[in-house]
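Each value in this text was obtained by applying a stated rule to the coordinates, not by laboratory testing. Nothing here was measured: the structure is a model prediction, and the numbers come from that model. For neighbour counting, all protein chains shown are included, and Cβ atoms are generated from backbone atoms with ideal geometry for every residue, glycine included.
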Amino acid sequence: MSEIGDILIQRPRLQIEVGVHMDARGSEALDLDLSRRRARAVLDDLLLKFPQLGKAGYTFRGYRDGPPVAGKRGGSPEATHRRVEFKVLNMEELRIERGQRQLQSR
């Protein structure tokens, strides 16, 4: 988690969604509720450890039975669905940063 926090501190304009993906072993309502609570817990933990991030640019969302992670090995087939993802919601900020870095390297 510290690596993610350090990266996000360097990019304060990013808008990030913390998403937790679940398998579909339970009822849909229970799986979604659990995934939302887990996503919120991950975000709360991140903001507690890195208070300089602030809450404004961050959201959380729970998912159920999304696409499996390609290349994930071991465990049950359901395990390929379970994960935490940090999704950049404003990709244009990364494009701007990439352009600025290219200009600086010239």
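Taken over segment 15-30, the criterion of being surrounded by 15 or more Cβ atoms within 10 Å (Cβ to Cβ) and more than 14 Å from Arg83 (Cβ to Cβ) is satisfied by Ile16 alone.
Among the residues of segment 41-55, how many are surrounded by 13 or more Cβ atoms within 10 Å (Cβ to Cβ) and either of a type in the set (Val, Ile, Thr) or part of a helix (DSSP H, G or I) (or both)?
Filtering segment 41-55 for residues surrounded by 13 or more Cβ atoms within 10 Å (Cβ to Cβ) gives 41-47, 50, 53.
Adding the requirement that they be either of a type in the set (Val, Ile, Thr) or part of a helix (DSSP H, G or I) (or both) leaves 41-47, 53.
Selection size over segment 41-55: 8.
For Arg37, the conditions (1) crowded, with 18+ Cβ neighbours inside 10 Å; (2) part of a helix (DSSP H, G or I) all hold with the exception of (1).
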